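The values are calculated or read from the model by the stated rules, or taken from the named source; none is laboratory data. Given the structure is predicted, the values throughout are model-derived calculations rather than measurements. Note that we place each Cβ from the backbone using ideal geometry, even for glycine, and neighbour counts take in every protein chain shown. Accessible surface is based on the protein model in full, side chains and every heavy atom, while ligands, DNA and RNA are left aside. Shrake-Rupley method; radii C 1.70, N 1.55, O 1.52, S 1.80 Å.
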Amino acid sequence: MNQAMTTAGNNNPTNNAPSSLTVMFATTACWMLLASPATVSAFVTTRQTASPLSSSSSQQQQQQQQRYRKFTPSSLRVAVDPTVVTKKEYQDICGTDFDGDSLEKRLSATKFLYPKHVEVIQDLEQAAADAAENILLETGEKAWQPQDYLPDLSKEGWEEEVKEFRAMAKEIPDDVFVVLVGDMVTEEALPTYQTLLNTFEGCDDPTGTSDSAWAKWSRGWTSEENRHGDLLNKYLYLTGRCDMRNIEVTIQHLITNGFNPGAKKDPYRGFVYTSFQERATKISHGNVGKLARTHGDANLNRICAKIAGDEGRHEVAYQSFCEEILKRDPDGLILELGDVMRGQITMPAENMNDGTPATENLYTDFSEVAQRLGVYTAIDYADILKHLVKRWDLEHLEGLSSEAEKEREYICRLPERYLKLAERSMNKKKKELAGKEPTKKQFGWIYNRYA
C-alpha cells in the first residue's frame with residue numbers, strides 16, 4: 001500500500017506546488033462535513049457529469065482511482081473526484097493519510113507513566129486473547145439477552161404474564177428492593193467502568209475499534225456487562241414497586257459524578273481492583289437471588305443467578321491476568337497490591353445520590369441495608385482478600401526483593417486481621433440492637449418508604 005501511495009505522489013507534476021485543485025479540495029472537504037447527505041449526493045452527480053477530466057482515457061482514470069482509494073477515506077471520495085487528488089494534496093489538508101494502520105499509530109500512546117508495567121502487559125496479549133475467546137460468551141442470537149427473562153409484551157395474553165410476574169415480586173420486602181436497586185444503579189454506571197478500563201496503560205482502545213487483544217477484551221466485557229443493568233432495570237419497572245424516575249436520576253448523577261478506584265492509569269492496580277470487585281459483585285447478586293427465592297420470586301432468583309454467573313466468569317479472567325503478571329514481575333504486582341489494600345477497595349457506587357441534600361449519605365444508607373440483610377458485609381470483604389491470597393498462592397511466592405517480601409507478608413496477614421475487625425464490629429452492632437428494631441431510612445427509590 002505504501003509503495004502505491006508513494007508512486008501516486010511522485011508521478012504527479014502538481015506535487016511540488018499548491019494548485020487551484022488544492023483549494024477546491026479543501027473547500028469541498030469542509031463543505032462535505034457540513035452538508036446534508038442529499039446535498040452531497042447532488043453535488044457528486046454534478047461533478048461526475050461536468051468533470052473537466054472526462055476526456056481522459058477510461059484506463060488512466062481507473063488506475064488513478066484505484067491508487068486514490070488506497071489512501072483516501074470513503075467519506076471524502078463521495079464529494080471529490082478521485083482523479084484530481086494527489087497524495088500530497090490530501091496530506092497537506094488532512095495531515096496524514098488516515099488509513100486504519102496509520103490512524104491507530106497516530107492515536108496510540110508512545111510515552112507511559114509505567115513503562116515496565118506496559119511492557120509486561122504487552123507480553124500478555126495472548127492471555128487477553130485467550131480470555132476473550134474462552135471466557136466471554138458468544139454475542140448475538142446465541143447469547144442470553146435480558147428479554148429472555150422478562151414477559152414478552154408482543155404476545156397474546158401478555159397481560160396475564162405481567163400479572164403473574166408482578167404477583168411474585170409483590171412478596172419481596174422493601175429492604176430487599178433497596179439492595180436490588182443499589183446493585184442495579186451500580187450496573188447502569190457501566191460507561192464509567194469502560195472509561196476506567198481505557199485508562200489502563202497498554203490496555204487501551206485508542207480508536208474505539210482497535211484490533212488488539214486488550215481492546216477486544218474490553219469491548220467484549222462491556223457488551224456482557226451491559227445486559228445486567230438493562231435486565232434489572234426492566235425487572236424493577238415491570239414490578240411497579242419502585243419510583244423509576246428517582247432511580248434514573250440517581251443513575252445519571254452517579255455517571256456524572258464518576259468514581260476513582262485509585263488505579264492511577266496503572267494496569268497492575270487496575271487488574272487488582274477488578275479482580276476484587278468482580279467477585280464482590282458476584283457475591284452481592286448471588287445473595288439477592290437467594291433472598292428472592294426465600295420470598296417466592298423465582299423470576300428474580302433466576303435473573304440474579306444469571307448475572308452472578310457472568311460476574312464469576314469475569315472474575316476468573318481478571319484474576320488470571322494478575323496471575324500472569326506475577327510470573328513476569330512479582331515484585332511489581334506485590335508492591336501495587338499492598339498499596340491498593342492499604343487504601344482499601346473503593347466501591348464503584350459510593351458517589352451515588354439523587355441530587356437532593358437528603359441523599360448525601362445514600363450510599364452509606366444502602367450499604368447498611370445490604371450489611372443488615374447479609375447481602376454484602378465486611379466479612380465478605382475479608383473473605384475476598386483471603387480468596388485472592390490463595391488464588392495467587394501468595395503464601396508460597398518466592399524470589400522477591402526485601403521490600404516486596406515485606407509487602408507479601410503484610411498482604412497475607414490482612415484477611416485474618418480484616419475478619420477479626422469485621423466480627424468485632426458486627427458483634428458490637430448486635431449488642432446495640434439487642435431487643436430493638438434497627439433504625440430505618442427513607443429511600444426515594446421506593447417512594448420514600450422506610451427500609
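Things worth noting here:
- FRET efficiency, 1/(1 + (r/R0)^6) with R0 22 Å, evaluated for Arg372 and Arg342 via beta carbons: 0.20
- Per residue, in Å², the accessible surface of the range 118-255 once ligands and nucleic acids are set aside, probe 1.4 Å: 47
- For the range 156-239, applying the loop criterion from DSSP together with a ceiling of 13 other beta carbons within 10 Å to the GluC sites (Glu not before Pro) yields Glu156, Glu171.
- Summing Cβ point charges (Lys, Arg +1; Asp, Glu -1) relative to the Cα centre of the range 223-298 gives a dipole of roughly 200 debye.
- With a cut-off of 15 Å on the backbone N, the residues of the range 369-409 near the modelled label site 7 Å out from Asp331 along Cα-Cβ are 398-408.
- For the range 434-451, putting each phi into the Karplus relation 6.51 cos²θ - 1.76 cosθ + 1.60 with θ = phi - 60° gives couplings of 4, x, 10, 7, x, 5, 9, 10, 7, 10, x, 4, 10, 6, 6, 6, 9, 8 Hz, in residue order, rounded to whole numbers and with x for Gly and Pro.
- Sequence-distant residues sharing a close amide H with Phe443 (under 5 Å, placed H): Asn448, Arg449, Ala451
- Less than 5 angstrom separates the built amide H of Leu136 from none of the residues sequence-distant by 5 or more or on a different chain.
- Protection proxy ranking, highest mean first, for peptides 206-218, 412-424: 206-218, 412-424, where packing is the per-residue count of other beta-carbon atoms within 10 Å, averaged.
- ³J(HN,Hα) computed for each position of the range 125-131 - Karplus, 6.51 cos²θ - 1.76 cosθ + 1.60, integer Hz, glycine/proline x: 3, 5, 5, 5, 5, 5, 5
- Accessible-area composition of the range 329-451, carbon plus sulfur, in percent [1.4 Å probe]: 48
- Between the range 208-264 and the range 367-401, the alpha-carbon center distance in angstrom: 25
- Here is the list for the range 132-213: trypsin sites (Lys or Arg not before Pro) lying in DSSP coil, each with at most 10 other C-beta atoms within 10 angstrom of its C-beta, are Lys155.
- For the range 256-370, the solvent-accessible area works out to 36 Å² per residue, with a probe of 1.4 Å and every protein chain left in place.
- Spacing of the two label points (7 Å from each Cα toward its C-beta) at Lys430 and Ser154, in nm: 5.2
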